Every structure is written in structure tokens, then in C-alpha cells.
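J.: To start, I am sharing the structure in question, which I have written as C-alpha cells.
Values quoted throughout were computed directly from the atomic coordinates according to the rules given, and no laboratory measurement underlies them. As the structure is a prediction and not an experimental result, all values here were calculated from the model. So basically every Cβ, Gly included, is an ideal-geometry build from the backbone, and we count neighbours across all protein chains shown.
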Amino acid sequence: MDYEIYGNGEGSLRTLVYEPAQKLMDIFNKFGNRLVAFIEVAELEKIQEHGSDEAIDQVRGQIKEFHRQGFEIGLHLHPQWYNAKQDDGRWMLDYSEYNLCVLPRERIVQIVDRSIAFLQEVVGERDFCPLSFRAGNWLFQPALPAAGVLAERGVKVDSSVFKGGLQRQHRLDYRRAVRNGYYWKFGEDANVDDPRGVLLELPIYAQMVPFWKMATGKRIGLQQRGSGGARSGKMRLHRLMDLLRFRYPLKLDFCRMTLEELTWMVDAVMDDDQQDPNSFKPLVAIGHTKDLLDTETVETFLAYLDQKKIPVSTFEQVYEKCVTVNR
């Protein structure tokens with residue numbers, strides 16, 4: 001679960017973060033399951049600094065409660081927030097720092113250290129370090145030096161990659177990762193399986209599907225609801241070029257997918273597992289607090305997984321198995 005408001009700084013913490021996260025906590029507790037809350041630290045720190053949203057104290061308390069109850073706290077970063085300023089109630093973000101991975105190493109160190117320190121202060125543990133990381137807008141290219149900086153601080157898992165992903169505007173290209181298994185270690189390139197790599201990649205699970213399968217009413221409605229700001233002509237052209245493919249990556253998204261899509265995707269992996277029952281097949285599902293409108297689908301999906309005896313796990317619960325079992 002990515003724990004954040006809209007990418008341009010619009011929206012309230014109460015309606016886009018606190019309330020939907022509370023609903024998810026209640027649903028997961030009902031089944032005795034835990035999830036990973038990827039806390040977008042930079043926006044929360046700046047909102048707190050400016051006192052721009054009265055719900056910030058509730059959000060901080062909720063993060064601490066997640067941690068107390070055994071939900072995993074992951075690090076999520078949109079670094080354009082750290083130099084953000086407010087102008088007449090609107091956030092002005094520093095898009096020159098949009099991609100953490102292209103910044104100088106010294107700046108990456110500053111941002112990562114600052115973000116981990118904020119999480120330590122919120123959860124009330126001076127030695128806390130998140131096991132897992134997800135890059136803002138999934139941008140984890142080039143992987144070095146950012147992967148090395150994170151690993152040096154104790155982060156062990158990245159979950160930014162989705163196989164087949166392509167964003168020409170930001171030079172993100174995860175198409176090469178399609179040939180990989182369900183997880184892999186990497187160093188210089190998050191696409192490339194490297195047993196000597198510094199981080200373990202547990203990618204957001206995705207299937208390449210015909211582009212028209214993306215055009216569901218639920219997904220289109222959420223895209224229209226999202227507040228991303230006006231796009232320039234160049235940005236729209238880049239996006240159109242990304243979409244001009246016969247097959248497109250459909251992420252396992254528990255907020256944007258219908259129940260039929262979610263179960264279809266898992267059923268397909270169950271069929272594969274019958275052919276290869278000895279390999280470990282972790283599937284990372286993604287969702288955003290700002291997208292959670294349909295709690296019934298989430299609850300029914302968890303009931304389906306329970307009925308199929310498919311365990312719901314955090315990265316902390318599967319990490320050791322991923323680094324020790326034969327793939």
C-alpha cells in the first residue's frame with residue numbers, strides 16, 4: 001500500500017491517506033493478515049513543517065499503530081517534495097529532483113538519511129530501519145548509486161519494478177525484466193538478475209495483456225478522479241508513445257482492478273504452480289490509499305485467497321526464503 005496524497009500535492013491527508021488506510025487495517029485485521037505500508041515520507045515531513053494539514057498528527061499516530069500491530073513499514077520517496085514551497089495554499093514541488101536515482105550520490109545520501117530519521121522519530125525507535133523500499137513513480141533507474149546507499153543503511157528489498165514497464169519521459173524501461181523469475185538480486189540494473197547484487201527485487205506483479213484490457217470502467221474512473229495537474233503537450237506525447245503497444249503491463253492492483261481481474265491473475269499463477277510446484281512464487285500486489293474506494297473488492301479478494309489457502313505475507317515474512325531457496 002502506497003501511503004500518499006496526489007502527486008502534485010493536492011488532496012487532504014484525512015480523505016486520501018488516514019481514512020482509507022484505517023479501512024484497510026480493519027479489513028486485514030479481520031483476516032489476521034498484515035500488509036506493507038509504503039510511507040511517502042517526504043510529503044509528510046513537509047506537510048508537518050508547514051502545518052498545512054491538521055490531520056498530520058492522526059497520520060503519524062496511525063503509522064505508529066501500524067508498526068505496533070506488526071504491519072511492515074516500508075520507505076517510499078518522492079524526492080521532489082524536499083525542496084517544496086507553498087504559494088497561496090498550493091504546493092510548488094521541485095521537479096528537478098523527481099528521480100532519486102539521477103541525483104548526485106551526496107544528495108541521495110542526504111535524502112535517504114533524512115527520510116529514515118523521520119520514520120525513526122514517528123515510530124519511536126532510534127534504530128528502526130525499513131527492510132523495503134519503493135521509488136516514487138517506480139523510478140529505480142539507474143539503480144546505482146541509490147541501491148548501494150539504501151543497502152548501506154540496512155534496506156534489503158526493492159519493490160519498484162513492474163515487468164514490461166515503460167516511461168519514455170523519465171527513461172524508465174523495465175521491459176527486459178520480463179525474462180526474469182518472480183524475484184532476483186540486482187546491482188547496476190534493476191532489470192538484471194545478479195546473484196552478487198546489493199538488493200533483492202520483489203517486483204510488483206504484472207501480466208502483459210492486450211492494451212484494451214486496461215480500459216475498465218473502474219480503472220478509467222480512478223484515473224479521472226486522480227489529481228495529477230495539467231500535462232504539457234510533450235508529456236502527453238510521451239504518454240501516448242508508452243501506450244502504443246499491443247501488449248501492456250497490467251499490475252496486480254487491489255484498488256484499481258475488479259475482483260474478476262484479481263482472481264483471474266492469481267488463478268493463472270496457480271495453474272503455472274501445478275506445473276512447477278517446487279519454486280517459490282511471491283506475488284506483490286499494489287494499492288494506493290488515494291485510490292481506495294472499493295473496500296468490498298479488497299475484502300472479497302482476501303476471502304478468496306484464504307479459501308484457496310494462499311498466504312498473505314509482508315516482505316519481512318518472505319525475505320529469508322527468497323534469498324535461501326533455489327529458484
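J.: For the chain, with the dipole built from +1 on Lys and Arg beta-carbon atoms and -1 on Asp and Glu ones, taken about the Cα centre, which of Y174, F28, P277 lies farthest toward the positive end?
T.: Y174
J.: Springs between alpha-carbon pairs under 10 angstrom, Gaussian network model over the chain: which of L139, L103, L199 fluctuates most?
T.: L103
J.: Let me know the charge dipole size of the stretch 13-56 about its Cα centre in debye, to the nearest 20, where only the beta-carbon of Lys, Arg (+1) and Asp, Glu (-1) is charged. Walk me through the intermediate numbers first.
T.: Values: 5 positive and 8 negative charges, 72 e Å.
Computed charge dipole of the stretch 13-56: roughly 340 debye.
J.: Let me ask you something else. By counting other Cβ atoms within 10 Å of each Cβ, how are K290, K213, K46 ranked from fewest to most?
T.: Values: K290 22, K213 13, K46 19.
If I rank by nearby Cβ atoms, fewest first, I get K213, K46, K290.
J.: I would also like to ask the following. Just A190, A21, A55 to compare: in a GNM of the chain, with alpha carbon springs under 10 Å, which one fluctuates most?
T.: Sorting by GNM fluctuation, first place goes to A55.
J.: Turning to a different aspect of this structure: Does a label point 7 Å from the Cα of R114, set along Cα-to-beta-carbon, have any residues of the stretch 34-62 with amide nitrogen under 18 Å, and which are they?
T.: Under cut-off, by backbone N: 39-52.
J.: Further question on the same structure: GNM on the chain, C-alpha springs below 10 Å: top fluctuator among Q274, Q169, Q22?
T.: Q274
J.: Moving to a separate point now. I'd like to verify something in the chain: which complete DSSP H helices, judged by Cα projection on the helix axis, reach 24 Å or more and average at least -0.5 on the Kyte-Doolittle scale?
T.: Working: long enough: 105-123 (27 Å, 0.36); 259-275 (25 Å, -0.47).
Taking the DSSP H segments of the chain (at least 24 Å long, mean hydropathy at least -0.5), we get 105-123, 259-275.
J.: Search the structure for amide H atoms under 5 Å from the amide H of A135, placed 1.01 Å from N in the peptide plane, and list their residues when 5 or more places away or on another chain.
T.: S159, S160
J.: Report, in deg cm²/dmol and to the nearest 500, the calculated mean residue ellipticity at 222 nm for the chain, where each DSSP H run with n ≥ 4 adds -39500 (n - 2.57) and the sum is divided by the residue count. Could the numbers behind the result be given before it?
T.: Values: 10 runs with 122 residues, N = 327.
When only DSSP H runs of four or more count, the value is -11500 deg cm²/dmol.
J.: Within the chain, what percent of beta bridges assigned by DSSP are antiparallel, to the nearest 5? Provide the component values of the computation, followed by the final result.
T.: Details: 13 of 31 bridges.
About 40 percent, rounded to the nearest 5.
J.: With 30 Å as the limit, write out which pairs from K30/K85; K185/K309; K64/K163 have Cα-Cα distances beyond it, or answer none.
T.: Where the Cα-Cα span goes over 30 Å, the pairs concerned are K30/K85; K64/K163.
J.: OK, next. Going by the alpha-carbon gyration tensor, a ≥ b ≥ c the square roots of its eigenvalues, is the chain rounded (a/c under 1.5) or, if a/c is not under 1.5, prolate (a/b greater than b/c) versus oblate? Please report the intermediate quantities before stating the final value.
T.: Numbers: a/c = 1.22, a/b = 1.20, b/c = 1.01.
Judged from the Cα gyration tensor, the chain comes out rounded (a/c under 1.5).
J.: Which value, in debye to the nearest 20, gives the size of the charge dipole of the stretch 2-324 about its Cα centre, when Lys and Arg are +1 and Asp and Glu are -1 at the Cβ?
T.: Working: 42 positive and 47 negative charges, 207 e Å.
Taking the Cα centre of the stretch 2-324 as origin, the dipole is about 1000 debye.
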